[in-house]
Amino acid sequence: MAEPMIPGIECLVDNRRITEIVTALRTIKDLKGLTEDEFAWLATHGTERLCNDGDLIFSQDTPPHHLMFILSGDVLVHRHSSSPVSVLIGQTGRITGKTPFSRIQAWNADGRSSGKTWILELHDSHFPELLNAIPSVTERIVRVLLDRNREYTRAEEQIGKLAALNKLAANLAHELNNPASAAKSASSHLLSTAESDREHIRYRLGIALGTDESLDAYLDWLSKLRSAVSLSRHTAWDGVPIGSSSLEDSLMDWLESRGVADAWKLAPLLAECNIPLSTLQELERLVPPHLLSLAISDVHVALTSYTAILSLTDAVDRIFRLVTAVKDYSYMDRQPIQDVNIAESLETVLKLFQPGLAGITVRRFYSPDVPLLTAFGSELNQVWAALIENSLDAMAGSGTLILSTRLQGRTILVEISDTGQGIATEHANRVFEPFFTTKPFGTGLGLGLDTVQRVIQKHFGAVAFDSQPNRTTFHVRLPLDHSEVY
């Protein structure tokens, strides 16, 4: 290649460059099939332009005059008027700019070079001659226009989806936060007032036990029981099985052998809270036999109200966590470009799939040296959501989901693996095609992985996968450097 030209300055193509330019033009899909003379015509009539990272290629509201062939590098487009979201429309091997049939009067966006960019520009004064010299250019340009229209339409759809999601998140936060706060306040009040409802039993039990030391020992035991109940419920929320029929049967037998009238009510409650038989045997050692029924009645009343209040509190907490997750997912009330913690964004998305994780083992491998990534946070969350959803579908309710992040040079590597059925060989080359899906009719549009690829490309990254039965891994690579263009 000849000596580098001054960035952004048009230079007439000379004969020494024709061969190299023709070679680069051959990589453009929409020019496939042109003859040697037709390629040479483009090379000799175009002007060459080299741009460095961040150089302005075209400016909003200025008139366009060139058809552009992107020989290498990318052009990042930023539309100020319609959206703050940047749309990557110009990549190596693409045609953009003004076309012979375009009625565009002014650029509707700014275009800047992402990295070093090599462009061949054809001035619109050559358009009549172009149509005569290359007859097939009409069909090719129409194809380019259709592709460009689809790209802008999809970009606008994504912007609309994000706006709708933000609105939904705002409404959800408003509608749920106030009643959830009231419910949480009520549960706290119930927890404090429930004690008074049991005072009459405590009073009778205290008189019967006769000493403060005996009563204190009982109350200490009851306090430990509550802590165990609370711990068992938190463990249950984490997906660990609770209770068992054998535990319930052993508790029932013990209670009935002690003459407890409501054993059939208390045993299931104790089993649900994973309270072992040894705990009741400890109670038996603390109180005289003739007071055991009275003590167990107190335990029954205490656990019934306490577990009900815990259920209410847990439900309210889950509402708060869900609202927070939705707000984090959509990056509500934040600028579209954020410093994103990739591990935290994966965890945020995972919370939205919590009900579907009942039979799934989640393994996490988050490297601590992964830095923050300047990125479109809500759109990256869409990527994780699509990949995790596909993994869960593939595992059909049972398997292992593996989430991994690590740094490779100046690139963040995110890997999402599952132990599902895998991607069939005959489908491997089509999974990123828009509207391609293997799901039953009506259950999927086939746009998930298409969206994944577009969002990752927008971040100058790459997505790939490898699949075999019982192991499918999607690899997402996000470069740190390119994210700082805007």
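Here segment 368-425 is treated as a sphere whose radius is the Kirkwood value from Cα pairs; by Stokes-Einstein at 20 °C and 1.002 mPa s it diffuses with a coefficient of 165 µm²/s. Run the numbers for residue 365 and residue 337: contour at 0.36 nm per residue of separation, minus the present Cα-Cα distance, in nm. Here the segment from residue 365 to residue 337 would lengthen by 7.5 nm.
Residues of segment 291-322 with an amide N closer than 16 Å to a point placed 7 Å from the Cα of residue 226 along the Cα-to-Cβ direction: 298-314. Highest mean packing first, where packing is the average number of other Cβ atoms within 10 Å per residue, the peptides 272-282, 212-222, 454-464 line up as 454-464, 272-282, 212-222.
Taking the average, over residues, of other Cβ atoms within 10 Å as the packing measure, peptides 373-381, 337-345 rank 373-381, 337-345 from highest down. Largest accessible area first, the listed residues 406, 26 line up as 26, 406 when surface is computed with a 1.4 Å probe on the assembled protein chains.
Computed from the Cβ-Cβ distance with R0 of 41 Å, the FRET efficiency linking residue 147 to residue 246 stands at 0.05. Between the amide H of residue 340 and those of 373, 374, 375, distances stay under 5 Å, these residues lying 5 or more places away or on another chain, with hydrogens modeled in the peptide plane.
Taking amide H positions as modeled 1.01 Å from N, with prolines and chain starts lacking one, the residues under 5 Å from residue 55 and 5 or more places away or on another chain are 113. Working ranking of peptides 349-357, 31-39 by packing, defined as the average number of other Cβ atoms within 10 Å per residue, highest first, is 349-357, 31-39.
Rounded to the nearest 0.05, the FRET efficiency derived from the C-beta distance between residue 354 and residue 308 at R0 = 25 Å is 0.65.
The values are calculated or read from the model by the stated rules, or taken from the named source; none is laboratory data. These numbers come from a predicted model, not from an experiment. Every residue, glycine among them, receives a Cβ derived from its backbone with ideal geometry; neighbour counts consider all protein chains shown. Heads up: the accessible areas ignore ligands, DNA and RNA and are worked out on the full protein's heavy atoms, side chains in. Shrake-Rupley method; radii C 1.70, N 1.55, O 1.52, S 1.80 Å.
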